[in-house]
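The structure appears right after this line, and notes come after that.
The values are calculated or read from the model by the stated rules, or taken from the named source; none is laboratory data. It should be emphasised that the depicted structure is a prediction, and the values quoted were computed from it without experimental measurement. Note that we place each Cβ from the backbone using ideal geometry, even for glycine, and neighbour counts take in every protein chain shown.
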Amino acid sequence: MKKEYLRLDNVDGSLIQLSGLHRVSYGEIVSITNRDTKEILVGRVIGINDDAATVQVFGESMGVSTENLNVVFEGRPFEIPLSPEILGRRFSGIGRAIDKGGPVYSDKFYNVNGQPMNPVAREYPRNFIQTGIRGIDSVMTLIRGQKLPIFSGAGLPHNELAAQIVRQADVSDEGESGDFAVVFCGMGLKREVASFFTDSFMEAGVMDKVVIYMNYADDPIMERIIAPKCALTAAEYLAFEQHKHVLVIMTDMTSYGESLREVSSQQQEVPSRKGYPGYLYSDLAAIYERAGMIKGVKGSVTLIPILTMPSDDITHPIPDLTGYITEGQIVLSRDLHGQGIYPPINILDSLSRLMKDGIGADYTREDHSDVSAQLFASYSRCIEVRSLAQIIGEEELSEGDQQLLEFGRRFENEFIGQDFNESSHIGQTLDKAWELLRTLPKDSLVRVDPKILEKYY
């Protein structure tokens, strides 16, 4: 039931406060009409204390006072209309069309907070999503229904990597390519960065399978907080009602966290680590845990959130808490980037905890697991040898150690490094890995099963 109030207690920027309320719910949508200008604003209840509530306004609140507003509590949560026609469309952070396609017409509206997924109904993630990027597909394979974040830093090519994944990603099963979709969510992006993503998708001819939710850097922070929820609601619709395998890419979660911190500060809440609110962990978990698969339902939601770490600090609250919730991470290396290697993926700091259950003879190729383990072991040993060479010089190293150094150089430049427009099939990726492993003595490949070694070496 709608309830209208004609007087406010306080207006502080985009926050308005009211008291004497009756049965107001957290997250409830509010319509705010300026009696002087007849402008209608939309807000959302973000705090409740007894009979008082705090409402965050979407958009600018200039000219708003405690005396000239009509506030109507709608009695419903924030909802967006969804239909199969959202594919190929661009929307704002609150789900409004920003392309030339007009609004979405649907007889069904969906709560952006989503529906709780029964843990018992969750299906364990299986099968891999091919990204076409050798460094990811080989040693940190992305599995359907997984949450696999990308940890990056300022100036590193995480935007290019995200665009490449969107352009190239596909399910592995034959005949299911048409059932694959991508939901892209940008939060706090500069307009030139947003244009880069849109132009990249259009040039690659994949826009018809992509849905974009875009919040610009100059958009209200409340829209930034709603944007990932709108994107995930669309992903859940496409996955569990349209039965598609959906890949969700969200950038930048650090901008999202900073928006939470700003709103928390405006509400004068007690800060936690580095000024972030104490509920940062539960808020991030509420987003990340919407990825997954449901038993008996064809479709999946796979999530790749991108985080820029301030000062490359992996212990910063946002990447730190993200690591507790998700199933691995892809870490970008500033050293590799400085060497001109793209994508600069730090293999040793990255992992996919669900990889072992989505590779092998039934999913990729029988040698995948062994090859991955050997690449990791050999490259790790190469890094140790490099440290030794810095002390005693390369000429003093043994022949075996010099072979490892050469393997490491080729591994970084020829295997990890690839062109922005280059897509490598999983079979080609594994063949390339064997090409490098053959540069090492056969008896040094101790992580490979003898039968596999005999067949592929």
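Couple of notes before you dig in:
- Residue within region 265-281 that is in contact with a Lys or Arg (Cβ under 6 Å, 6 or more places away or on another chain), within 16 Å of Lys147 (Cα to Cα) and part of a helix (DSSP H, G or I) present: no
- Residues of region 116-137 that are more than 19 Å from the chain's Cα centre (by Cα) and either closer than 22 Å to Glu160 by Cβ or outside the structural domain of Gly296 (by TED's automatic domain parsing) (or both): Arg134 alone.
- Any pair with Cβ under 7 angstrom, 6 or more apart, that starts in region 100-120 at a residue that is farther than 17 Å from Thr233 by Cβ and ends at one that is outside any strand (DSSP E or B): Gly101/Arg89
- Near pairs, Cβ below 7 angstrom, 6+ apart or cross-chain, from region 369-380 (free of Cβ contacts under 8 Å to residues at least 24 places away in the same chain) to any residue that is among the hydrophobic types (A, V, I, L, M, F, W, C) and outside any helix (DSSP H, G or I): Ser369/Ile359
- Sole exception among (1) outside any loop (DSSP other than H, G, I, E, B); (2) closer than 26 Å to Asn127 by Cα; (3) modelled with pLDDT under 95 for Ala231, by number: (3)
- Meets criteria (out of contact with any helix residue (DSSP H, G or I) (no Cβ under 8 Å at 6 or more places or on another chain), under 30 Å from Ser333 (Cβ atoms), crowded, with 17+ Cβ neighbours inside 10 Å and in contact (Cβ under 8 Å) with a residue 60 or more places away in the chain) for Gly292: yes
- Odd one out for Ser138 among (1) of a type outside the set (Lys, Arg); (2) more than 24 Å from Asp367 (Cα to Cα); (3) not in a strand (DSSP E or B): (2)
- Yes/no for Gly88 being in contact (Cβ under 8 Å) with a residue 40 or more places away in the chain, outside any strand (DSSP E or B) and small (Gly, Ala, Ser): yes
- None of Phe201, Phe196 is surrounded by fewer than 17 Cβ atoms within 10 Å (Cβ to Cβ), within 18 Å of the chain's Cα centre (by Cα) and under 27 Å from Glu422 (Cβ atoms) except Phe196.
- Qualifying residue in region 188-198 (condition: touching a strand residue (DSSP E or B) at 6+ places or on another chain (Cβ under 7 Å) and either within 23 Å of Arg290 (Cα to Cα) or assigned to a strand (DSSP E or B) (or both)): yes
For every residue, the table says whether it meets (1) in the same structural domain as Phe376 (by TED's automatic domain parsing); (2) within 15 Å of Asp252 (Cβ to Cβ); (3) within 18 Å of the chain's Cα centre (by Cα).
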| residue | (1), (2), (3) |
| --- | --- |
| Ser300 | no, no, yes |
| Leu303 | no, yes, yes |
| Pro310 | no, yes, yes |
| Thr326 | no, no, yes |
| Val331 | no, no, yes |
| Gly340 | no, no, no |
| Pro343 | no, no, yes |
| Ser350 | no, no, yes |
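- Every listed requirement among (1) touching a strand residue (DSSP E or B) at 6+ places or on another chain (Cβ under 7 Å); (2) in contact (Cβ under 8 Å) with a residue 24 or more places away in the chain is met by Asn346 save one, (2).
- Which listed residue is over 30 Å from Gly427 (Cα atoms) and surrounded by fewer than 19 Cβ atoms within 10 Å (Cβ to Cβ), from Ala361, Ala285: Ala285
- Hey, Leu404 modelled with pLDDT of 95 or more, within 22 Å of Leu453 (Cβ to Cβ) and not charged (D, E, K, R) or not: no
- Residue selected from region 295-344 under the condition farther than 26 Å from Gly278 by Cα and of a type in the set (S, T, N, Q), by the criterion surrounded by the fewest Cβ atoms within 10 Å (Cβ to Cβ): Gln339
- Whichever residue in region 380-404 is assigned to a helix (DSSP H, G or I) and among the small types (Gly, Ala, Ser) and, among such residues, is surrounded by the most Cβ atoms within 10 Å (Cβ to Cβ): Ala389
- Search result, residues across region 1-16 that are in a loop (DSSP other than H, G, I, E, B) and closer than 18 Å to Gln268 by Cβ: Leu8, Asp9, Gly13, Ser14
- Filter result (over 21 Å from Leu348 (Cβ atoms) and in a loop (DSSP other than H, G, I, E, B)) within region 425-456: His425, Arg438, Pro441, Asp449
- If the condition is being out of contact with any helix residue (DSSP H, G or I) (no Cβ under 9 Å at 6 or more places or on another chain) and either in a helix (DSSP H, G or I) or at pLDDT 90 or above (or both), then region 200-222 contributes Met202, Asp208.
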